[in-house]
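A short write-up of the structure that comes next.
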Amino acid sequence: MLKGISMKQNQRYSVLFEPVKIGPVVTKNRFYQVPHCCGMGHLRPQAHAAMRGVKAKGGWGVVSTEEAEIHPSSDLAPYVEQRIWDKKDIPALRLMTEAVHEHGALAAIELTHSGHNAINLYSRIPTMSPVDYPINFLYPKQARRMSKKDIADFRRWHRNAALNAKEAGFDIVYVYAGHGMSLAQQFILPNMNTRSDEYGGSLENRIRLTRELLEETVDAIGDSCGVAFRFAVDEMKGKDGMQFREEGGAVVELLAEHPDLWDVNVSDWSNDSQTSRFEPNEGYQLPYVEFVKGLTSKPVVGVGRITSPDLMASLIKKGVLDLIGAARPSIADPYLPNKIKTGKIDQIKECIGCNICVSSDNFSVPIRCTQNPTMGEEWRRGWDPETIKPKKTDQHVLVVGSGPAGLECSLQLARRGYQVVLAEAKKELGGRVIFEANLKGLSAWKRVVDNRVYEIQQKNNIEIYKDSELTATHINELGIDNIFLATGASWRLDGIGRSTRKPIKGLDKIKVLSPEEAVKNTTNLKPPIIVYDDEQGYLAGVIADHLSAAGHKIIFLTPASVVSPWTESTLEQTRVQRSLLNQGVEIICNKSIQEADSKGIEAKCVFTGKRTTIDCKTIIMVTERIPNYSLFDKLIKQEEALGGSSSKNIQLIGDAESPGLIADSIYSGHLAAENFETPEIEIERAMYMREMPSLK
């Protein structure tokens, strides 16, 4: 975790707060929130504006939109991105530019035509691509080859979108060629563009369209707006794709002075936004992009989950980058720049690289974040990550359990000014996060605990009691009437999960362990070992990876068709399955456990019902969790026995209320703290808040 800094150290970061000229505009500092999706887009313009506005308030010098569709032939529905089809979109977009300008930041928009990455389910317009090509979604549909007229139309649409962006108040307008998600990049890549006319063949021909877009955008708006070029210099495919040392670098050289700003990264999205589980290094993209500064006189922005002020300052001073780009770090902590400026580095909420933010976009819902529970709630609930409404009375509060929900609830109640008692049954604060952060690849997740515990320890209105398992009698003796129970949940051992709603027969004849038991006492693991995943989230895959790396021979069994299907939403499923296969884990999909005995288990195919036997001595059961609410039940029964003579407020939060992701628990704890002593009518009003389309 980052620690506080002295005034002398803070001066070392002054380079980060220098202005940078981007064409005709100047950013106040070097902090640049690059375009990132947020699940709000054209459907939720007020929510979008409020979220980007908080980034600007937090000190980011440039705040960008997500990709903005420039035409109905680039319809990304059901995904909720931004739109700038015509002038009717300008009022909604202006909400965002005004929110950003209010805090002295520049507003940027990423103009996008997605080519064969657009499915066009809403517009029903045939998808277009440089050549006949299957669309990038599992849908039996192909893109048609663009004619010369199509290319001319696309250039016209892009120019019109740039003019509309200027009218909407944007200071920086993007030409986008990255992530495999844009026509410009699709024309550049040789494996996607096999045309034989002047737009295909040689690299000079394949970048012709991009050159035209850059020149025409500068011509249209370059007098008052900076023109940025977002380009993926490497596809991370080796010789099977574009590489930065070859054609990727050649593109930069050929177009070096055309844009006002180079925004460089790697492709595709799963590589650009790798999780910390598979890419733990901060600044992991730097080896691919550090050459760009040597080829252009224009400013360069790069990314790579960079959160360290020392690394940021070093990159600027060494001439590697001109601007520090961020998507996920700006989500985890919108106030990161201001905290560096004011010497409050110890208060930075560092991104843990879990990609919960990415999953939100993949599910077409407003963005959320494990570290920052206020993300996506800026408009609906009026939340801000650094401020919270003050206490209403001088009441005391008891929080039982210091997992993610308990820590967040305690911290926010203390921020409000209440006197808080936090009781933890174990010797260490953190709950499930401590266990999961000790698993292979998840060490960055401990930041969830570290950030909160550090701030809690600075406060004089929180009393912490570790190794203190409270009973109802203990709670009664404390005499505190406001009780939040964050007592967590426990993994089932009876086999009940998504596929089986009755206990599996014969489990009493075989060793069955929970994930915690298996990892903490590996001497209990008698081979053959099955990790049974009927939760189908992320944890079973992590457990199998962790134990396999420790030398155990693992069989991964699941009713799902792939390993850990949830992780498709976090862009890491392929890496999860590859890691297990590379470590020799035997993967058996599409089968559920039907019965067990001392020799092994009987598995049934989810499609045919055919049964097979699998030798097994130990089953690690990852199926479903049971909320630990026995203490809650006892306290509620006490209250019921007292009738109306008690005024205690008793509430379950986190996994004790509803087992889910760590992000869900953090949100639950934050919501409970925000809603404490809030009238029910106000709580309901926030619940019903949504943006309604105009019927004019």
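The values are calculated or read from the model by the stated rules, or taken from the named source; none is laboratory data. These figures come from a predicted structure and were not determined experimentally. Because the Cβ atoms are built from the backbone with ideal geometry, glycine has one as well, and the counts that use them run over all protein chains shown.
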- Item | Positions within segment 249-271 being of a type outside the set (A, V, I, L, M, F, W, C) and either touching a residue at least 60 places away in the same chain (Cβ under 8 Å) or closer than 20 Å to residue 34 by Cα (or both), in sequence order | 258, 259, 260, 263, 265, 267, 268, 270, 271
- Restricting attention to segment 315-356, which residues are touching a residue at least 40 places away in the same chain (Cβ under 8 Å) and in contact with a Cys (Cβ under 7 Å, 6 or more places away or on another chain)? 328, 331, 332, 356
- Message: Condition first: in a helix (DSSP H, G or I) and touching a residue at least 24 places away in the same chain (Cβ under 8 Å). Now tell me which residues in segment 220-244 satisfy that.
- Response: 220, 221, 240, 244
- When every residue in segment 260-289 that is polar (S, T, N, Q) and outside any helix (DSSP H, G or I) is compared, the one surrounded by the fewest Cβ atoms within 10 Å (Cβ to Cβ) is 281
- Lone qualifier among 657, 691 - being more than 22 Å from residue 356 (Cβ to Cβ) and touching a helix residue (DSSP H, G or I) at 6+ places or on another chain (Cβ under 8 Å): 691
- Query: Restricting attention to segment 501-508, does a residue exist that is at pLDDT 95 or above, in contact with a strand residue (DSSP E or B) (Cβ under 7 Å, 6 or more places away or on another chain) and either part of a loop (DSSP other than H, G, I, E, B) or of a type in the set (Val, Ile, Thr) (or both)?
  - Reply: yes
- Task: Considering (1) touching a helix residue (DSSP H, G or I) at 6+ places or on another chain (Cβ under 7 Å); (2) closer than 29 Å to residue 641 by Cα; (3) surrounded by fewer than 18 Cβ atoms within 10 Å (Cβ to Cβ); (4) not hydroxyl-bearing (Ser, Thr, Tyr), say which one residue 483 fails and leave the rest.
- Result: (3)
- In the list 626, 681, 666, which residue meets the criterion of being crowded, with 18+ Cβ neighbours inside 10 Å and either of a type outside the set (Phe, Trp, Tyr) or in contact with a Ser or Thr (Cβ under 9 Å, 6 or more places away or on another chain) (or both)? 666
- Message: Restricting to segment 645-670, name every residue that is small (Gly, Ala, Ser), farther than 18 Å from residue 483 by Cβ and in a helix (DSSP H, G or I).
- Response: 663
- Conditions (1) under 19 Å from residue 591 (Cβ atoms); (2) among the hydrophobic types (A, V, I, L, M, F, W, C); (3) assigned to a helix (DSSP H, G or I); number of the one not met by residue 519: (1)
- Task: Please work out if residue 143 is within 29 Å of the chain's Cα centre (by Cα) and not β-branched (Val, Ile, Thr).
- Result: no
- Message: Scan segment 587-598 and tell me whether some residue there is loosely packed, with under 15 Cβ neighbours inside 10 Å and at pLDDT below 95.
- Response: yes
- Looking only at segment 581-611, count how many residues are without any contact (Cβ under 8 Å) to a residue 24 or more places away in the chain and over 31 Å from the mean Cα position of the chain (by Cα). 9
- Which residues, counting only those in segment 522-563, are assigned to a helix (DSSP H, G or I) and small (Gly, Ala, Ser)? 540, 541, 544, 548, 549
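Residues checked against (1) of a type outside the set (A, V, I, L, M, F, W, C); (2) in contact with a helix residue (DSSP H, G or I) (Cβ under 9 Å, 6 or more places away or on another chain):
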residue	(1), (2)
529	no, yes
538	yes, yes
552	yes, yes
573	yes, yes
597	yes, yes
604	yes, no
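Per-residue answers, yes or no, for (1) surrounded by fewer than 24 Cβ atoms within 10 Å (Cβ to Cβ); (2) at pLDDT below 95; (3) in a loop (DSSP other than H, G, I, E, B):
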position: 42; (1), (2), (3): yes, no, no
position: 46; (1), (2), (3): yes, no, no
position: 51; (1), (2), (3): no, no, no
position: 60; (1), (2), (3): no, no, yes
position: 64; (1), (2), (3): no, no, no
position: 67; (1), (2), (3): no, no, no
- Message: Residues to consider are 21, 87; find the one that is in the same structural domain as residue 356 (by TED's automatic domain parsing), surrounded by fewer than 22 Cβ atoms within 10 Å (Cβ to Cβ) and within 15 Å of residue 168 (Cβ to Cβ).
- Response: 87
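This table checks each residue for (1) hydroxyl-bearing (Ser, Thr, Tyr); (2) at pLDDT below 95; (3) surrounded by fewer than 23 Cβ atoms within 10 Å (Cβ to Cβ); (4) assigned to a loop (DSSP other than H, G, I, E, B).
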| site | (1), (2), (3), (4) |
| --- | --- |
| 301 | no, no, no, no |
| 314 | yes, no, yes, no |
| 337 | no, no, no, no |
| 353 | no, no, no, yes |
| 369 | no, no, no, yes |
| 378 | no, no, no, yes |
| 381 | no, no, yes, yes |
| 384 | no, no, yes, yes |
| 391 | no, no, yes, yes |
- Message: Every residue in segment 108-146 that is polar (S, T, N, Q), touching an Asp or Glu at 6+ places or on another chain (Cβ under 7 Å) and not in a loop (DSSP other than H, G, I, E, B), please.
- Response: 112, 142
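Quick grid of which residues meet (1) within 30 Å of residue 105 (Cβ to Cβ); (2) surrounded by fewer than 24 Cβ atoms within 10 Å (Cβ to Cβ); (3) touching a residue at least 40 places away in the same chain (Cβ under 8 Å); (4) charged (D, E, K, R):
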{"residue": "140", "(1), (2), (3), (4)": "no, yes, no, no"}
{"residue": "149", "(1), (2), (3), (4)": "no, yes, no, yes"}
{"residue": "157", "(1), (2), (3), (4)": "yes, yes, yes, no"}
{"residue": "167", "(1), (2), (3), (4)": "yes, yes, yes, yes"}
{"residue": "172", "(1), (2), (3), (4)": "yes, no, yes, no"}
{"residue": "186", "(1), (2), (3), (4)": "no, no, yes, no"}
{"residue": "205", "(1), (2), (3), (4)": "no, yes, no, no"}
{"residue": "208", "(1), (2), (3), (4)": "no, yes, no, yes"}
{"residue": "213", "(1), (2), (3), (4)": "yes, no, yes, no"}
- Query: Residue check: is residue 310 acidic (Asp, Glu), modelled with pLDDT under 95 and assigned by TED's automatic domain parsing to the domain that holds residue 37?
  - Reply: no
- Note on the structure: Scanning segment 615-629 residue by residue, those hydrophobic (A, V, I, L, M, F, W, C) and within 14 Å of residue 553 (Cα to Cα) turn out to be 616, 619, 620
- Restricting segment 548-565 to residues that are surrounded by 18 or more Cβ atoms within 10 Å (Cβ to Cβ) and touching a residue at least 60 places away in the same chain (Cβ under 8 Å), the one farthest from residue 662 (Cα to Cα) turns out to be 555
- Message: I'm trying to understand the selection: among the residues of segment 495-508, which are buried (at least 17 other Cβ atoms within 10 Å of the Cβ) and over 16 Å from residue 617 (Cα atoms)?
- Response: 496, 497, 499, 500
- Note on the structure: So, first residue over 17 Å from residue 602 (Cα atoms) in segment 496-518, second residue acidic (Asp, Glu) and buried (at least 17 other Cβ atoms within 10 Å of the Cβ), Cβ within less than 8 Å, six or more apart or across chains; the pairs are 498/534; 498/535; 498/624
- Those residues of segment 161-181 which are part of a loop (DSSP other than H, G, I, E, B) and either polar (S, T, N, Q) or under 13 Å from residue 265 (Cβ atoms) (or both), in sequence order: 178, 179, 180, 181
